[in-house]
Amino acid sequence: MPTRQAPPPILAESAQRIGRGALPFVIAGIALVAAVILSLAIGARAVAIDEVALSLLGIGDENVVGIVGTLRVNRTINGLICGVALGLAGVLMQALTRNPIADPGMLGVNAGAAFGVVVGLSAFAALGAGGTIWFALAGAALAAGVIFAFSTSRVVAGSPVRLTLAGVAFSAVLAGASQAIVLSNETVLDSFRFWRVGSLTARPVEDALPLIGFVVVGTILALLIAPSLNMMALGDDSAIALGVRPGAVRLLVLLAVTLLCGTATALAGPISFVGLLVPHLLRRVVGPDLRIILPLALLASPVLLLVADVCGRVIGNGAEVQVGVVTALIGGPLLIAIVSGRRRGVLS
Amino acid sequence: MTTTERPIVAPRHVLGDEQRVLRTRRGWSLRYHRRTAIVVGVLALALALLLVAALMLGDYVVSPAALIDTLRGQAPDRRTEFFVLGRRLPRALVAMTVGACLAVAGAIFQGLTRNPLASPDVVGVSSGAAVGAVLVMLVLEGSVDQAAIGAAVGAIVVAAVIVLLTWRSGLHGVQLILTGIALSVIAMAIVDYVLSQVFVASATTAQTWLVGSLQGRSWSDLIPALIALALITPLLIWKSADARVMALGDGIAIGLGVRTTRARWLLLVAATLLVAVAVATAGPISFVALVAPHIARSLTKTPSFAASALVGAMLLLVSDLIALYAFPAPLPAGAVTITAGGAFFLWLLWREGRTRA
């Protein structure tokens, strides 16, 4: 099995390992704080840090309070929620499908959520966040279910590229169906085209906050199943011998990925590559143990998304480049680098 | 290596029982495959029947007698003449030509990469065309005709980038496909960004174009595609034997005296031009390039550009008819091909995987 990682340490040494691994957590934590500050301070109008702090308390220049206190706080909170959700979903999908290039975007989970939203938008003209989330979750669940069914079958077993192709094709089917709906309804197209690029400003913070619950549940699920997933990296048979029930683990992962991706997609649109890059980079630094990678991804993923969002504000120079576009522009070349960097045959 | 490579079939298929040779007294000879010849004949007949159906069907149904009269130049009334000759015939011919261009390009890609899952749309050439067209249409504010030029440039640029990035690994295998997927994600991100920056009316126009549509295609759209197909066909006839031998692997091909690098370049350029013209004419129609060669191969049991072209022409013509008449409101043909083609692709993956497992 070409992509299988070295067996993770299961017993006592893991505690020691986690102790040794404190440094990455510290670095990721500092990076997260820095990213949040950048996200609050930088934009069409740069604001000094002391002013940022004041405006968060509601003190100071009214305009600054308006920009920082509401708009930028809003998108920063959205970025934190979506970053965590997408990063964890990516880790889970890569672990379960044993596919180092799995990503909720590429495997069609985001397309499923998007399809759900389009169906919702066309069925009910004024669909609030409360309604959108249910449609997005249903779509994400459908897509994740199909993809996981595919990934467990012999058909794609051991071939990341076949699974990726299946995901791309499945996304295409869903996208085609979405297009057909969107094209027959100009109002739906108008809201959909903004939502589709992936933007942290798509929804006000009042809509975002109630959805945190979904992400929290998804996160807890992810952290709870990490040890079992670790053992499943050894193969189903070994995992069963170690007391893991692969079927149950798959179901829980499916649930977690659905909650995470559905929420992120409902909030910010389909954003790809965060779920691909974060686990990839983390594996290089700390190795394959999911009990370390998952909590670390919790800190690191929002960093990537927030920095991408800040980049979009800066390079757009007024005409802001949405964060989904920026992550695609960063992630595409990196995917090519990952693919070219591997020796031929490794991915087949 | 990828297990998607076709197994090396005994040379019977290169020169075997099924081969027949026609010779003239002056020394010209034409080698053909009997089963392929039969299949091509049947396909051509079916395509002709479909064309007749496309000319007759619609809100204004034309009777067979009226159709024959119209085609003979004696239309019963101006309305029939307008619908048949002015609207339906050019549209159907554009569909057939574009379908054929895409199918042949797909057959070339699949043969060259020895990967039945590779096709111009999977490896991102069509997305490149989409970016080119959208940039011309919405940023440079060009006409739809000028967008066609942008599409051609975009397709060629992406193809060039793919070749540069994957030439070293021999243009086949996983790297090509994944690189293509990455490129098309980048391309579509740019498209989405541009779409989000314009007025909704322009976005709708561009979006319809992006799905791939034959709406309003007329005689003037037919000519460039037809010219491209006509120019490239002789090259394909000339190189098809080489292509068939190269499908057995470079070692065998070189041993049999094929100059593989040159043949590969020629075929690659031909395929890119065909896609560029097709996308410029009808937008990035998905999956025809992928599906048509498969259907053709399962009918003829051997790779054939002619059979692929005919299947491609039929697929797009049928898709357009379905898109026009099967739904409450007419859809672009690309919406049908992407949904049905994606499903077919999944089924194909499934079947290929089972035979492999």
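What the table below lists for this structure:
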quantity: For the range A:196-237, alpha-carbon Rg and Dmax in angstrom; calculated: 16.3, 47
quantity: Highest average packing first - A:169-180, B:153-164, A:84-95, B:330-341, Cβ atoms within 10 Å; calculated: A:84-95, B:330-341, A:169-180, B:153-164
quantity: Computed accessible area, B:MET137, all protein chains, 1.4 angstrom probe, square angstrom; calculated: 20
quantity: Shape category assigned to the range A:208-261 from the gyration tensor of Cα positions, a/c cut at 1.5; calculated: prolate
quantity: Listed residue (A:ILE181, A:GLY145, A:ASN230) projecting farthest to the positive dipole end of the range A:136-259, Cβ model; calculated: A:ASN230
quantity: Cα shape, chain B, gyration tensor, a/c 1.5 rule; calculated: oblate
quantity: Peptide B:203-210 - average C-beta neighbours from other chains (10 Å radius); calculated: 3
quantity: Charge sum, other residues only, whose C-beta stays under 13 Å from B:SER127's C-beta, Lys/Arg counted +1 and Asp/Glu -1; calculated: -2
quantity: Accessible carbon and sulfur surface of chain A relative to its total accessible area, %, 1.4 Å; calculated: 68
quantity: Solvent-accessible area of A:ILE330 with every protein chain in place, 1.4 Å probe, in Å² to the nearest 10; calculated: 70
quantity: Value of Rg/Rh across the range B:89-170 [Cα atoms, Kirkwood radius]; calculated: 1.05
quantity: Förster radius 30 Å - calculated FRET efficiency between B:LEU45 and B:LYS301 (Cβ-Cβ, nearest 0.05); calculated: 0.95
quantity: Solvent exposure, largest accessible area first (probe 1.4 Å, DNA, RNA and ligands not counted), of A:THR132, B:THR261; calculated: B:THR261, A:THR132
quantity: Peptide-level mean, for B:82-94, of C-beta atoms on other protein chains within 10 Å; calculated: 0
quantity: Accessible area buried between chains A and B, both sides summed, probe 1.4 Å, in Å² to nearest 100; calculated: 4200
quantity: Quotient of C-alpha Rg and 2.2 N^0.38 Å, computed over the range B:29-79; calculated: 1.66
quantity: Three-way shape label, the range A:254-295, alpha-carbon gyration tensor, a/c 1.5; calculated: oblate
quantity: FRET efficiency for B:ILE254 and B:ALA343, using Cβ-Cβ distance with R0 set to 45 Å, rounded to 0.05; calculated: 0.70
quantity: Under 5 Å, built H, 5+ apart or other chain: amide partners of B:HIS33; calculated: B:ARG20
quantity: Relative contact order computed over chain A (Cα-Cα under 8 Å; 6+ residues apart), in percent; calculated: 30
quantity: Computed Kirkwood radius, in angstrom, where 1/r is averaged over Cα pairs of the range A:177-288; calculated: 16.6
quantity: Estimated Rh, chain A: Kirkwood, alpha-carbon pairs, angstrom; calculated: 20.6
quantity: Neighbourhood net charge (12 Å Cβ-Cβ; Lys/Arg +1, Asp/Glu -1) for A:ILE225; calculated: +3
quantity: Computed lengthening from B:ARG34 to B:ALA53, 0.36 nm per intervening residue step minus Cα-Cα distance; calculated: 3.9 nm
quantity: Where A:TRP195, B:TRP167 fall by accessible area, highest first, once all protein chains stay in place (1.4 Å); calculated: B:TRP167, A:TRP195
quantity: Computed E for B:ASP77/A:ALA22 - FRET, C-beta separation, R0 60 angstrom, nearest 0.05; calculated: 0.10
quantity: Largest to smallest principal axis extent of the C-alpha atoms in the protein assembly as shown, angstrom; calculated: 91, 58, 40
quantity: Listed residues A:ILE42, B:ILE177 arranged by accessible area, highest first, probe 1.4 Å; calculated: A:ILE42, B:ILE177
quantity: Extension gain, A:ILE30 back to A:THR201 (0.36 nm per residue minus Cα-Cα distance, nm); calculated: 59.1 nm
quantity: Nearest-10 value in Å² for the accessible area of B:GLU141, using the 1.4 Å probe; calculated: 150
quantity: Solvent exposure of chain B as accessible area per residue, Å², 1.4 Å probe; calculated: 44
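The values are calculated or read from the model by the stated rules, or taken from the named source; none is laboratory data. Since this is a predicted model, take the numbers as computed values, not measurements. Glycine also receives a Cβ, built like all others from the backbone with ideal geometry; neighbour counts cover every protein chain displayed. Note: areas computed on protein heavy atoms with side chains; ligands, DNA, RNA excluded. Shrake-Rupley method; radii C 1.70, N 1.55, O 1.52, S 1.80 Å.
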